[in-house]
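These notes concern the structure reproduced below.
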There are 2 protein chains.
Amino acid sequence: MINLGTVGTGWITESFIEAAKLSGKLNITSVYSRTEDKAKDLAGKYNAAHYFSDLEEMAKSPKIDAVYIASPNSVHFEQALTFLKNKKHVICEKPIFSNTAELEEAYRCAEENGVYLFEAIRNIHTPNFRILKEKLHMAGPLRSAILPYMKYSSRYDVFLQGEEPNIFSSTYSGGALVDLGVYPLFLAVGLFGEPKQVTYYPVILRSGVDGSGTLILEYQDFVCTILCSKISDSELPCEIQGEKGTFVLEDAAPISEIKFIDSHTKESEILSRAQEEKNMVYECIKFAEIIEKNNDQEYEQLKEWSKKVLRVTEEARKQSNIVFGVER
Amino acid sequence: MINLGTVGTGWITESFIEAAKLSGKLNITSVYSRTEDKAKDLAGKYNAAHYFSDLEEMAKSPKIDAVYIASPNSVHFEQALTFLKNKKHVICEKPIFSNTAELEEAYRCAEENGVYLFEAIRNIHTPNFRILKEKLHMAGPLRSAILPYMKYSSRYDVFLQGEEPNIFSSTYSGGALVDLGVYPLFLAVGLFGEPKQVTYYPVILRSGVDGSGTLILEYQDFVCTILCSKISDSELPCEIQGEKGTFVLEDAAPISEIKFIDSHTKESEILSRAQEEKNMVYECIKFAEIIEKNNDQEYEQLKEWSKKVLRVTEEARKQSNIVFGVER
């Protein structure tokens, strides 16, 4: 069992704790919040033995081997370094950092300290992602991929009333592409590799971040179109289309269902299998296994994907003049 | 009743003839084919009194007031001029011509000869398009539109075997954007107006035309993403998303069903009504009414839409270096 601490008290942290418990590989010993009462409450709720309101203190504590970070995007980097320097493995919620310079620095720091740094992106660790990757050849030569992730955020109501929630704030490195677009983007990078060319068409809000947008990834013989939004809703599934057939994915994350439709016979078959509802369990297991087995090969693969995704979002942001609060 | 001739013997011509009969406003008196036997057969099948294998002869004939042209795209222009000069109204199948210079010249010719020139694009004449246009405000400020029209063509099998069917031939002004993309493009222009900026990301085939592609239309506060393909299949509906809700259209043409989903309550309602299965009937009625009533206001609206659409496809082709056979 790996002893884990958590940073953050939002719903995502609670989801991760539940998935960690389900995995049977991560033992939640400690929680952190800036606010001591919140830390205490969360520890009580999930039977964590320790709670902290001092991040350095938790980073130095022998009670944890690893930490899960789910703070606002803009503070991921500084917090991750604090733990890495104290030789703790870091699992950082997506989007991992604001730019590739930070990512390279953090990977170096992890290596120097003999620990791992992971980006918590749940869809590429699911069984259905693996099935999709294995079966992708069934589509024949790929010709188009359309990967939407668009969900109206209740926090946009607040934004419209004049406030600036973190996720719509450039100071907190918010926006639709880094918050939701990264799910389909990880699918694209994991399945098709790094694109030749990237172009982003954002809808920029008054705060300077993208409320929605269309991201074009150009590959050798096809185009991948990613659509993301936090200010409008969609029912669209994802599609990956080849000359021989089309994969229809019920969603980009957690890829609940995969249907394949033959272009010629029009017959369809379901390729996916039922997944755990607490679908973050798969990343918990994956990260724990890499730590336990020192599986550097798998680690390098994940590093490559995170780097490629961040190169794309960084390029997209540059094109759109989206400036994040913490630029280095 | 308006006496009509037809040019072309494909399935689309037969569909139009059936819709024309259903409309009760167009009387099929004459058909044309280069091949006399084919013309004779078609005339027999639909009880047309006359058949022609000489286009000039049909154009001069007093047996017709108007003509429907469904020949290969690259010969639309020349044939249309032949009829316009002989003072016949012209209904030309989409995509009307290869470039805007041709379109302007043909509209001038129509005006000089006191007749009308129409582009036959069935979706914008349907009752459901009108409903959509009337109800569009329900979505609140628009934030994204995703309009796919992607259908694997059996003629691509033939193309893959080394042949070059018209629809995949630059000589015949083929390709996915002008063949299928124009349906969602007419929706976009009809509902949102002319975009500020257009960018096309095509998948170019060995013949030089686009087998598929993603077309980005940038509007003031949102992005419209059009997807077209003749070399891969899709099940995706169209979506028009605003801050208050999302319209889901079962298809871009003929817009069989329109569902509206409220972003906040998640409640949905069907706004569409049942349409005629022979959905070209609506354009037949529209064109006949404009001719009968000299409805210049409606005619000017249709002209504007056709011009705007052709400006977009012309710009997209230029960006993609797609050269059509008949360039003027």
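The values are calculated or read from the model by the stated rules, or taken from the named source; none is laboratory data. None of the values given here were measured: they were computed from a predicted structure. Reconstructed Cβ throughout: ideal geometry from the backbone, glycine too, with neighbour counts over all protein chains shown. The protein model used for the area step is the full one, side chains on, heavy atoms only, and it has no ligands, DNA or RNA in it. Shrake-Rupley method; radii C 1.70, N 1.55, O 1.52, S 1.80 Å.
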Checklist entry - Is it the case that A:LYS40 is assigned to a helix (DSSP H, G or I), among the charged types (D, E, K, R) and either closer than 24 Å to A:ARG317 by Cα or open to solvent by 50 Å² or more (accessible area, probe 1.4 Å) (or both)? => result yes
Item to check | Single unsatisfied condition, B:SER173 versus (1) open to solvent by less than 20 Å² (accessible area, probe 1.4 Å); (2) among the polar types (S, T, N, Q); (3) farther than 19 Å from B:ASP233 by Cα; (4) within 12 Å of chain A (Cβ to nearest Cβ) | outcome: (4)
Checklist entry - In segment A:212-271, what residues are open to solvent by 10 Å² or more (accessible area, probe 1.4 Å), facing chain B (nearest Cβ under 7 Å) and over 27 Å from A:ALA176 (Cβ atoms)? => result A:ASP221, A:GLU243, A:ILE261
Checklist entry - Of the conditions (1) part of a strand (DSSP E or B); (2) touching a residue at least 40 places away in the same chain (Cβ under 8 Å), B:CYS92 fails just one. Which one is it? => result (2)
Next on the checklist: Tell me yes or no: at least one residue of segment B:186-200 is away from every other protein chain (no Cβ under 13 Å) and more than 24 Å from B:ASN123 (Cα to Cα).
Outcome noted: no
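So if I check each of B:GLU112, B:GLU102, which one is in the same structural domain as B:PHE52 (by TED's automatic domain parsing), of a type in the set (Asp, Glu) and either open to solvent by 10 Å² or more (accessible area, probe 1.4 Å) or over 18 Å from the mean Cα position of the chain (by Cα) (or both)?
Values: B:GLU102 fails: either open to solvent by 10 Å² or more (accessible area, probe 1.4 Å) or over 18 Å from the mean Cα position of the chain (by Cα) (or both).
None of the others qualify; the one that does is B:GLU112.
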Item to check | Condition broken by B:LEU185, with the remaining ones in (1) open to solvent by 10 Å² or more (accessible area, probe 1.4 Å); (2) touching a strand residue (DSSP E or B) at 6+ places or on another chain (Cβ under 8 Å) satisfied | outcome: (1)
Next on the checklist: Please go through segment A:277-328 and give me each residue that is over 20 Å from the mean Cα position of the chain (by Cα), within 22 Å of A:ALA20 (Cα to Cα) and not charged (D, E, K, R), ordered by number.
Outcome noted: A:ASN294, A:ASN295
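Is it the case that some residue within segment A:154-163 is in contact with a Ser or Thr (Cβ under 7 Å, 6 or more places away or on another chain), at negative phi and of a type outside the set (Ser, Thr, Tyr)?
Let us first name the residues in segment A:154-163 that are in contact with a Ser or Thr (Cβ under 7 Å, 6 or more places away or on another chain), namely none.
For segment A:154-163, residues in contact with a Ser or Thr (Cβ under 7 Å, 6 or more places away or on another chain), at negative phi and of a type outside the set (Ser, Thr, Tyr): absent.
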Next on the checklist: Which numbered condition in (1) open to solvent by less than 10 Å² (accessible area, probe 1.4 Å); (2) over 16 Å from A:ALA288 (Cβ atoms); (3) not hydroxyl-bearing (Ser, Thr, Tyr) is the only one that A:ILE64 fails?
Outcome noted: (2)
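Table: residues versus (1) over 21 Å from B:ILE204 (Cβ atoms); (2) in contact (Cβ under 8 Å) with a residue 12 or more places away in the chain.
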{"position": "A:ASP210", "(1), (2)": "yes, yes"}
{"position": "A:ILE240", "(1), (2)": "no, yes"}
{"position": "A:PHE247", "(1), (2)": "yes, yes"}
{"position": "A:PRO254", "(1), (2)": "yes, yes"}
{"position": "A:ASP262", "(1), (2)": "yes, yes"}
{"position": "A:ALA274", "(1), (2)": "yes, no"}
